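The values are calculated or read from the model by the stated rules, or taken from the named source; none is laboratory data. Just so it is clear, the model here is predicted, and its values are computed rather than measured. A quick note on method: Cβ atoms are made from the backbone with ideal geometry, for glycine too, and the neighbour counts reach across all protein chains shown. The protein model used for the area step is the full one, side chains on, heavy atoms only, and it has no ligands, DNA or RNA in it. Shrake-Rupley method; radii C 1.70, N 1.55, O 1.52, S 1.80 Å.
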Amino acid sequence: MAEQSPALDNLLSESRTFPPSAAFAAQANATADAYAKAETDRERFWEEQAERLHWDTRWSQVLDWSGAPFAKWFVGGKLNVAYNCVDRHVEAGHGDQVAIHWVGEPGDTRDITYAQLQREVCRAANALTSLGVSAHDRVAIQLQMVPEAIIAMLACARIGAMHSVVFGGFSPAALRTRVDDASAKVVITSDGQYRRGKAAPMKSAVDEALEGAESVEKLLVVRRTGDEIGEIPWKEGRDLWWHELLDSQPDEHTAQPFDSEHPLFILYTSGTTGKPKGILHTSGGYLTQAAYTHHTVFDHKAGEDVYWCTADIGWVTGHTYIVYGPLANRARQVVYEGTPNTPHEGRHWEIVQNYKVSLYYTAPTLIRTFMKWGDDIPARYDLSSLRLLGTVGEPINPEAWMWYREHIGGGSAPIVDTWWQTETGGIMISPLPGVTHTKPGSAQRPIPGISAKVVDDSGTEVPFGSGGYLVIDKPWPGMLRTIWGDDQRYKDTYWSTFADAGYYFAGDGAKYDDDGDIWLLGRVDDVMNVSGHRISTTEVESALVSHPDVAEAAVVGATDETTGQGVVAFVILRGGTAGGTASDADNSETVNALRQHVAGEIGPIAKPRQIMVVPELPKTRSGKIMRRLLRDVAENREVGDVTTLADSSVMDLISAGLHKGSDED
Ligand code: PRX
């Protein structure tokens, strides 16, 4: 190659910055010197973090990377993950502290103390043991956000069995693939679930999934909706009620220590092609990173804060920041069963007000939804208890960040934009609250102990002000250990792109700004190439969302005869100006204004060739926009597989709207 072109053009610039308040900085868990300390002796730094946990046997070696890319952390150490998350807090005299303030969607609530949690986890551990589940066995869990989900996960951890949690909204086919891939011996689900104000059956879909599943010996059923959904199908010999089985078990159980590298869980994540990948996490390193990041990045103070992570336990965020991190740190947390607009659009803020939530962690997709619903909704509630806000899952557009800060954080709560993945186990890149001068839209720097870089195609670090690929260049404790049953796929997927350098490639594009702060630019397969310029879909989306009329935007590159690819945008307009209700003439005026706006914000090169006003965007159940489907629309193809969409009717809505005519030049 004669000349290296930048892997990604750096187009959007953001100059707003927010220093921490002196009061926050004075009490912060994070300190500025941690960066240098970790840099000087990374292994010693992680060793100190591991010392937050209770180890039955101390490790003899911090890291064994001799078998790279297969890592071993805290070699020779032994611990019990569930003991660390529950029992040790009770033994330290905190048994009466609430661990979980559970809020059911219909309005029922349960407060569970650490002492109660300990008894429940012990019963569940005894119950699983009575069914013949032992260390290394796999248990699949498909449950909505009920306390039993957390209890079941901890019970598995306690006896050394691996859990594989499958998101409650996944289809029977998706559950079956995962049950078969892991050869799950026991499956745990519920009779039904409350969703958007209605009780809906759940077990019947699980029955369908398990038809002929050879590995499955028992199906445990949590009772949630009871009589409301009518008769529950029952398979004698296989099916057992969770409460009946647990009631017959003693509430004491001695936790055995397991090796630091003992497998803790499998969590499936979909790739662009092929069957889902079973991401395998192990015990000591994962728990260390979960506890350290929850303490440092969320500034969590045990006994003082009320923490709420709005994720579902079906995703890694629920694993690390509802179950393992917070419980290892003796958090008092809110767990909410339902959707954010049931029975009204202020439900989250009502919960924040009622429980005086101080730390709130959510996803950009929800923040943009709140923006769409209107500023007046959060304004009705007392949100003054909130002292820190977090976001995760996708790049947050600067305007959504500003809205979050103003309307939820009272203009003062620090925002931590946390970048990480199912594969990384815990947070990798994030501002440190009380230390970092935050910038709307940027995840900023690898946290102390983590090393990441932005590199070009050849693996060379790009200069400040340039874009490229985000790589992680040093092993970290929470890293995935392999893909379940497929070491070769693990190597090929994550370690082959920059094999010579030995970098883990995360699949994300990123850029450094002039200060060296990192901006995530979306998955590299979301990069457009317009007349030889590599343009990030995220940057164009952020430019669109910075226009006052736009609530949400998704951008794709569509084949273009002259420019290679052309920028095609799908936008949802704010509040009353929604495309569905406005006339086409009104829309065409808005569309023109938006095209000019993008040209002004980024440059004429990024001006969308076409902007379509739509009522909804196609999203996966974890809230990620499915650009593949939008590309199909933009390129006039038949729309591909929609089975992983949260709402499969969205594509019909979009297509129907478009047939009324689009807004091409
Ligand atoms: O593209 C990045 C995006 O989400 C991907 C990981 O998705 P998943 O494994 O489902 O885990 C989500 C929760 C950790 C990343 O490769 N992503 C996650 N957080 C951010 C993000 N993109 C930009 N900024 C973030 N803060």
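Tabulated values for the structure
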quantity	calculated
Protection proxy ranking, peptides 466-478, 536-548, average beta carbon neighbours within 10 Å, highest first	536-548, 466-478
DSSP-defined antiparallel bridges as percent of all bridges, the chain, nearest 5	60
Whole-percent carbon and sulfur share, accessible surface of the stretch 123-263, 1.4 Å	45
I447, I229, ranked by accessible area, largest first (probe 1.4 Å)	I229, I447
Sequence-separation-based contact order of the chain, relative, with Cα cut under 8 Å and 6+ spacing, percent	13
Label-point separation in nm, V639 to S412, each point 7 Å along Cα→Cβ	4.6
The stretch 503-522 and the stretch 543-577: distance between their alpha carbon centers, rounded to Å	22
Extension gain (nm, one decimal) between S531 and R628, 0.36 nm per residue minus Cα-Cα	32.8 nm
Projected label distance in nm at S384 and L131, using a 7 Å step from Cα toward the beta-carbon	4.9
Around L388: net Lys/Arg minus Asp/Glu count, Cβ-Cβ under 13 Å	-1
Sum of side-chain charges, S164 neighbourhood, beta-carbon under 10 Å (Lys, Arg +1; Asp, Glu -1)	+1
Potential extension, S204-D56 segment - 0.36 nm per residue separation minus Cα distance	49.0 nm
The stretch 119-198: trypsin sites (Lys or Arg not before Pro) in DSSP coil with no more than 13 other Cβ atoms inside 10 Å	R196
Entries in K218/K275; K277/K624; K37/K301; K37/K277; K356/K453 that, when Cα-Cα distance is taken, lie over 29 Å	K37/K277; K356/K453
Cα-only Debye scattering, the chain: base-10 log of I(q)/I(0) at q = 0.07 Å⁻¹	-0.44
Calculated [θ] (222 nm, deg cm²/dmol) that DSSP helices of n ≥ 4 give over the chain, each run adding -39,500 (n - 2.57)	-7500 deg cm²/dmol
Separation of alpha-carbon centers, the stretch 90-137 and the stretch 375-389, rounded to whole Å	31
R44 versus S649: modelled label distance in nm, points set 7 Å from Cα along the beta carbon direction	6.2
Residues D96 and E350, FRET efficiency given R0 of 30 Å [Cβ-Cβ distance, rounded to 0.05]	0.70
Cα pair count fraction exceeding 20 Å, expressed as % - the stretch 547-658	40
0 to 90° range, to nearest 10: angle between helix 364-373 axis and the chain longest Cα axis	70
Per residue value of the accessible surface for the chain (all protein chains in place, 1.4 Å probe), Å²	37
Solvent-accessible ranking of V90, V297, largest area first, probe 1.4 Å	V90, V297
